[in-house]
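So the structure is just underneath, and the comments pick up after that.
The values are calculated or read from the model by the stated rules, or taken from the named source; none is laboratory data. This one's a predicted model, so the numbers in the text were calculated from it and none came from an experiment. Here the Cβ positions follow ideal geometry from the backbone for every residue, glycine too, while neighbour counts run over all protein chains shown.
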């Protein structure tokens, strides 16, 4: 029994010494979860830095509908959905759609971000948002997360994650909203 206790104490001391010599760990800022946003809630402005280093704020009143897509360069699904988002933007821009790529949780250089955007063919505005931005959006636990916001800055719909059906549902909601049609229940296209 005494031998087991001594071995446990020695192992604990060795582990503590190793942890102490490793230095501080880098952690992402903690996400603060506010109340979940629901359709009709006012959403905060997207404020941050453009790819050319200028401070900017998105004006929802400039569009009938704004798609705010939270993404990161390290997120493979985020990058995979960018061409589809660009297609939605291109198809509906004249009807009053603006699309904002809100870059977060990303340590890439501006050049690396610009390269990722160029590779995707996306022509929509990219805004690098500061840490803590997602707290006011109810706290995001997954990227990509996409919000549809009306011209008054109110939430219309939220999409978490991405896949082919989700992109189809997003495209349908954008088209219906811009056409003045009701969205109804969250739309999931039928399996084929």
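Brief remarks follow.
- The requirement of being on the phi > 0 side of the Ramachandran plot, in contact (Cβ under 8 Å) with a residue 24 or more places away in the chain and either assigned to a loop (DSSP other than H, G, I, E, B) or surrounded by fewer than 20 Cβ atoms within 10 Å (Cβ to Cβ) (or both) is not satisfied by residue 180.
- Subset of segment 32-62 (residues that are surrounded by 11 or more Cβ atoms within 10 Å (Cβ to Cβ), out of contact with any helix residue (DSSP H, G or I) (no Cβ under 9 Å at 6 or more places or on another chain) and within 19 Å of residue 183 (Cα to Cα)): 39, 41, 42
- Filter result for residue 105 (modelled with pLDDT under 90 and surrounded by 14 or more Cβ atoms within 10 Å (Cβ to Cβ)): yes
- Residue tally, condition assigned to a loop (DSSP other than H, G, I, E, B), touching a strand residue (DSSP E or B) at 6+ places or on another chain (Cβ under 9 Å) and surrounded by fewer than 19 Cβ atoms within 10 Å (Cβ to Cβ), over segment 152-167: 3
- Condition check for residue 103: closer than 19 Å to residue 52 by Cβ and in contact with a strand residue (DSSP E or B) (Cβ under 9 Å, 6 or more places away or on another chain): yes
- Residue check, residue 149 part of a helix (DSSP H, G or I), in contact with a strand residue (DSSP E or B) (Cβ under 7 Å, 6 or more places away or on another chain) and crowded, with 20+ Cβ neighbours inside 10 Å: no
- A count restricted to segment 95-142 and to residues that are under 15 Å from the mean Cα position of the chain (by Cα) and part of a strand (DSSP E or B) stands at 9.
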